[in-house]
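> A single structure is presented below for examination.
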Amino acid sequence: MERQTKYWIIRELDQKGQQAIEMAATLLKQQELIAFPTETVYGLGADATSEVAVAKIFAAKDRPADNPLIVHLADAEQIPNYVKQVTPIAKKLIHAFMPGPITVILPSSEAIAMNVTAGLNTVGIRIPDHPIARALLRAVNLPIAAPSANTSGRPSPTSAIHVFHDLNGKIAGIVDSAATEVGVESTVVDCTSDVPIILRPGGITREQIEDVTGVVTVDSTMDQQTDKPKAPGMKYTHYEPDMPLWLVDGTSDFFQQQVNRLSTQGLKVGVMGSEELISKLHVSNSSICGSKLNLDTIAVRLYDSLRSFKTNDTDIILGEVFPNEGIGQAIMNRLEKAASKIIKQS
Ligand code: AMP
Ligand code: MG
């Protein structure tokens, strides 16, 4: 059902900005959906204590009901209100990285609606490091369930325009506060046992977590097509652009050969990669997503790049492969999920 979606542009928390925050908070309290910026990607928020409100998230995104949502809070002091126990590992991570791009999985309390956790007895908690997000969370004074504000399966939104494209007419409002700073989602860490387990790589790197906790495990089911990964969302298709994405793992000469080969077959080829790669290629349709020398810049532009190719001038995207270290682990996790094929140089 189409409806009028309100759209507020907030660049700072002046009086006008604060008024918009109040309006958005009121709608959240009335069990409506509001998209808002965080430092990772835009989130689609609903009152996490209301099953009715949370059900609207699944409907608007067309999200599978067995994929649990992350609960957002304004301040770490509120965490004990929504979990049964804050484990020692969680305490360390909260102290080191919150507010920030990390989600801790802990035993859920009854205060959280059943459909938030998709029936699991754990809940993911995150404190976003974004002034507008935190102002909204403070104003509403409720835990807010918020997955990425995109249609399920599409690249996550890193600007309010992406949200508008996917969800206009389906939600109560969009808070626009420029592009996000990190560009990939939070790192999801299971903190229910003695050793932290990374269920999804993200804005805080494995190396950063290791520095704080000594050891860390990475969920071995994460990158496999299995029915039962520990983070249920990891089994679904994700981040898909409007046309097939193939990753090319090799030198720039090898990359050029692939462009030429597919072009000769009559395909309109788009290339997505670093400025270092694209400056070496002869290709008319490309999207530069940052510099290979600073992978943070790639993370910031990754989803916008994926969304930038249009079906009228692109049949297939060829994407660059990045080093699987630091933030590169999150980048490659997303690219591998978005891609239907990897072409490796032998
Ligand atoms: P999204 O909010 O769309 O970025 O996705 C949230 C991710 O966190 C998905 O992969 C979920 O499966 C995962 N997640 C959320 N809550 C839990 C939980 N209680 N246990 C394990 N994974 C979770
Ligand atoms: Mg998502």
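> When region 110-127 is examined, which residues are found to be surrounded by 22 or more Cβ atoms within 10 Å (Cβ to Cβ) and part of a strand (DSSP E or B)?
Passing the criteria: Val123, Gly124, Ile125, Arg126.
> Let me ask something else about it. Checking the condition touching a Leu at 6+ places or on another chain (Cβ under 8 Å) and open to solvent by 10 Å² or more (accessible area, probe 1.4 Å), which residue from Val212, Val175, Val189 passes?
Numbers: Val175 fails: open to solvent by 10 Å² or more (accessible area, probe 1.4 Å); Val189 fails: open to solvent by 10 Å² or more (accessible area, probe 1.4 Å).
Just a single option satisfies the conditions, and that option is Val212.
> Which residues, taken from region 259-271, are assigned to a helix (DSSP H, G or I) and within 14 Å of Asn285 (Cα to Cα)? Before the answer, list the steps.
Step one: filter region 259-271 for residues assigned to a helix (DSSP H, G or I), giving 259-264.
Hits for region 259-271 are Val259, Asn260, Leu262, Ser263.
> So which residues in region 5-53 are of a type in the set (Phe, Trp, Tyr) and within 16 Å of ligand 2 (Cβ to nearest atom)? Let's see the steps before the verdict.
Filtering region 5-53 down to residues of a type in the set (Phe, Trp, Tyr) leaves 7-8, 36, 42.
Hits for region 5-53 are Phe36, Tyr42.
> Let me ask something else about it. Scan region 235-243 and tell me whether some residue there is assigned to a helix (DSSP H, G or I) and crowded, with 16+ Cβ neighbours inside 10 Å.
We begin by selecting, within region 235-243, every residue assigned to a helix (DSSP H, G or I); these are 235.
Right, trim to crowded, with 16+ Cβ neighbours inside 10 Å and you get 235.
Yes, the conditions are met somewhere in region 235-243.
> Still on this structure, I have one more. Return the pair list, or none, for Cβ contacts closer than 9 Å from residues in region 57-70 that are under 18 Å from Ile105 (Cα atoms) to residues that are surrounded by fewer than 22 Cβ atoms within 10 Å (Cβ to Cβ) and aromatic (Phe, Trp, Tyr), at least 6 apart or on different chains.
Asn67/Phe58; Asn67/Tyr236; Leu69/Phe58
> Could you grab me the full set of residues in region 35-70 that are buried (at least 24 other Cβ atoms within 10 Å of the Cβ), of a type in the set (A, V, I, L, M, F, W, C) and in a loop (DSSP other than H, G, I, E, B)?
Correct list: Val41, Ala48, Leu69.
> Now, a different point. Of the conditions (1) under 18 Å from Gly202 (Cα atoms); (2) assigned to a strand (DSSP E or B), Pro107 fails just one. Which one is it?
(1)
> Another question, then. Considering only residues of region 157-172 that are more than 16 Å from Leu136 (Cβ to Cβ) and of a type in the set (A, V, I, L, M, F, W, C), which is least open to solvent (accessible area, probe 1.4 Å)? Full working, then the answer.
Taking region 157-172 as the starting set, the residues that turn out to be more than 16 Å from Leu136 (Cβ to Cβ) are 157-159, 161-162, 164-170.
Those left that are additionally of a type in the set (A, V, I, L, M, F, W, C): 161, 164, 167.
Details: Ile161: 107, Phe164: 91, Leu167: 0 Å².
That would be Leu167.
> Quickly run through region 134-159 and pick out the residues that are touching an Asp or Glu at 6+ places or on another chain (Cβ under 8 Å), of a type outside the set (Ser, Thr, Tyr) and within 16 Å of ligand 2 (Cβ to nearest atom).
Across region 134-159, the qualifying residues are Ile144, Ala145, Ala149, Asn150, Gly153, Arg154, Pro155, Pro157.
> So which of Lys230, Lys280 is charged (D, E, K, R), farther than 25 Å from Thr158 by Cβ and touching a strand residue (DSSP E or B) at 6+ places or on another chain (Cβ under 9 Å)? Quick ask: steps written out before the conclusion?
Working: Lys280 fails: touching a strand residue (DSSP E or B) at 6+ places or on another chain (Cβ under 9 Å).
That would be Lys230, the only listed residue that is charged (D, E, K, R), farther than 25 Å from Thr158 by Cβ and touching a strand residue (DSSP E or B) at 6+ places or on another chain (Cβ under 9 Å).
> Among the residues of region 186-205, is there at least one that is assigned to a loop (DSSP other than H, G, I, E, B), basic (Lys, Arg) and closer than 21 Å to Asn121 by Cβ? First the steps, then the outcome.
Pass one, region 186-205, residues assigned to a loop (DSSP other than H, G, I, E, B): 186, 191-196, 201-205.
Those left that are additionally basic (Lys, Arg): none.
Checked against the condition, which is being assigned to a loop (DSSP other than H, G, I, E, B), basic (Lys, Arg) and closer than 21 Å to Asn121 by Cβ, region 186-205 yields no hits at all.
> Keeping to region 173-219, report how many residues are over 26 Å from Ala53 (Cα atoms) and of a type in the set (Ser, Thr, Tyr).
5
> Give me the residue from region 208-238 that is in contact with a helix residue (DSSP H, G or I) (Cβ under 9 Å, 6 or more places away or on another chain) and at pLDDT 90 or above and, out of that set, nearest to ligand 1 (Cβ to nearest atom). Don't jump to the end; show me each part of the working.
Within region 208-238, the first condition is being in contact with a helix residue (DSSP H, G or I) (Cβ under 9 Å, 6 or more places away or on another chain), and the residues that meet it are 208-209, 211-213, 216, 218-219, 221-229, 234, 236-238.
From what's left, at pLDDT 90 or above: 208-209, 211-213, 216, 218.
Details: Gln208: 19, Ile209: 16, Asp211: 23, Val212: 20, Thr213: 18, Val216: 16, Val218: 14 Å.
Restricting to residues being in contact with a helix residue (DSSP H, G or I) (Cβ under 9 Å, 6 or more places away or on another chain) and at pLDDT 90 or above, the top hit is Val218.
The values are calculated or read from the model by the stated rules, or taken from the named source; none is laboratory data. Predicted model, so just to flag it, every value in this text is computed and none were measured. Note that each Cβ is placed from the backbone with ideal geometry, even for glycine, and that neighbours are counted across all protein chains shown. Accessible surface areas use protein heavy atoms only, side chains included; no ligands, DNA or RNA. Shrake-Rupley method; radii C 1.70, N 1.55, O 1.52, S 1.80 Å.
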